[in-house]
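Everything on this sheet refers to the single structure shown next.
The values are calculated or read from the model by the stated rules, or taken from the named source; none is laboratory data. Since the model is a prediction, treat every value here as computed from it, not as a measurement. Cβ: placed from backbone, ideal geometry, glycine included. Neighbour counts: every protein chain shown. When the accessible area is computed, the model is the full protein with side chains, heavy atoms only, and any ligands, DNA or RNA have been set aside. Shrake-Rupley method; radii C 1.70, N 1.55, O 1.52, S 1.80 Å.
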Amino acid sequence: IDYPCNHPVERLERCVKGVEGTASVEIELVVKARRHCRLPVGLHPIFRLPENGRLHLVGGERIVGHTFPGTFEPGISQLRQAAYFDGLDRVPLAGEGSADLTVLPNGLREEILQIEGVSDSIRLAYPADGYAVRLEWNPQDFPSLILWLSDRGRTGQPWSGQFRGVGIEPVCAFFDDAGLAAGAPEGTATGREFAEGELWRTRYRISAEKFQEPAT
């Protein structure tokens with residue numbers, strides 16, 4: 001992707017290759033900077049949300065995070081705005097109670113939240129289909145993780161109330177929006193410094209594996 005000549009980034013390149021002997025693809029992203037800049041960066045894999053069954057989201061030992069600091073999808077989003085939580089199984093709702101986001105689908109139709117505490121990988125299990133998917137990345141490049149849940153919650157184009165998916169998005173950003181950076185919690189990385197002419201590289205991997213029930 002060649003960026004417009006007035007943009008501080010000159011070019012993006014992405015290389016996707018299979019990993020021999022595994023059910024995996026390894027992806028390298030290269031960013032070539034035209035001039036010095038500080039920008040939010042992120043990866044944006046979107047995975048299937050099952051029509052039936054459950055999707056288990058497994059991360060680090062202790063996950064903390066925050067919900068979107070404004071109205072995400074008017075009339076549809078149900079999570080409390082700008083709320084903090086210390087576990088994906090108890091994310092505050094706008095009214096009373098909380099939502100368990102470790103089990104999907106869960107009745108939420110259009111939500112976005114940012115989490116910390118995931119080390120360098122996350123596993124999504126599709127028990128009804130007998131497999132799981134694992135996403136791995138470099139946490140030094142992307143110290144936070146955005147979780148986007150969409151279950152026919154967007155009626156505008158091109159979604160038209162039909163799209164179902166879950167975005168698992170490693171970022172160095174606050175909700176992937178430079179305009180929100182000023183309101184980020186202390187310690188949250190809101191962007192990366194690029195030097196003029198720099199070639200910045202990062203790698204991540206998506207793998208498939210047979211599903212196994214977690215040990216009790």
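Could you list all residues from the stretch 56-115 that are of a type in the set (Val, Ile, Thr), open to solvent by 60 Å² or more (accessible area, probe 1.4 Å) and touching a Lys or Arg at 6+ places or on another chain (Cβ under 6 Å)?
Answer for the stretch 56-115, where residues must be of a type in the set (Val, Ile, Thr), open to solvent by 60 Å² or more (accessible area, probe 1.4 Å) and touching a Lys or Arg at 6+ places or on another chain (Cβ under 6 Å): just VAL58.
Each row is one residue, and each column tells you yes or no for (1) surrounded by fewer than 16 Cβ atoms within 10 Å (Cβ to Cβ); (2) of a type in the set (A, V, I, L, M); (3) touching a residue at least 24 places away in the same chain (Cβ under 8 Å); (4) in a loop (DSSP other than H, G, I, E, B).
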| residue | (1), (2), (3), (4) |
| --- | --- |
| ALA125 | no, yes, yes, no |
| LEU147 | no, yes, yes, no |
| SER150 | no, no, yes, no |
| GLY153 | no, no, yes, yes |
| PRO158 | yes, no, no, yes |
| GLN162 | yes, no, no, yes |
| ALA182 | yes, yes, no, no |
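Restrict the check to the stretch 23-38 and report whether at least one residue is within 23 Å of ALA189 (Cβ to Cβ), out of contact with any strand residue (DSSP E or B) (no Cβ under 7 Å at 6 or more places or on another chain), at pLDDT 95 or above and open to solvent by 30 Å² or more (accessible area, probe 1.4 Å).
Taking every residue of the stretch 23-38 in turn, at least one turns out to be within 23 Å of ALA189 (Cβ to Cβ), out of contact with any strand residue (DSSP E or B) (no Cβ under 7 Å at 6 or more places or on another chain), at pLDDT 95 or above and open to solvent by 30 Å² or more (accessible area, probe 1.4 Å).
Could you list, in sequence order, the residues of the stretch 134-185 that are among the β-branched types (Val, Ile, Thr) and over 12 Å from the mean Cα position of the chain (by Cα)?
Matches in the stretch 134-185: THR155 only.
Would you confirm, using the coordinates I've provided, whether ARG134 is open to solvent by 40 Å² or more (accessible area, probe 1.4 Å), touching a residue at least 40 places away in the same chain (Cβ under 8 Å), out of contact with any Gly (no Cβ under 7 Å at 6 or more places or on another chain) and not in a loop (DSSP other than H, G, I, E, B)?
Yes: the conditions hold for ARG134.
Hey, TYR204 hits all of (1) farther than 23 Å from ALA23 by Cβ; (2) buried (at least 20 other Cβ atoms within 10 Å of the Cβ) but one; which does it fall short on?
With respect to (1) farther than 23 Å from ALA23 by Cβ; (2) buried (at least 20 other Cβ atoms within 10 Å of the Cβ), TYR204 is out only on (1).
Which number in (1) more than 23 Å from ALA173 (Cα to Cα); (2) in contact (Cβ under 8 Å) with a residue 24 or more places away in the chain marks the one condition that ILE115 misses?
(1)
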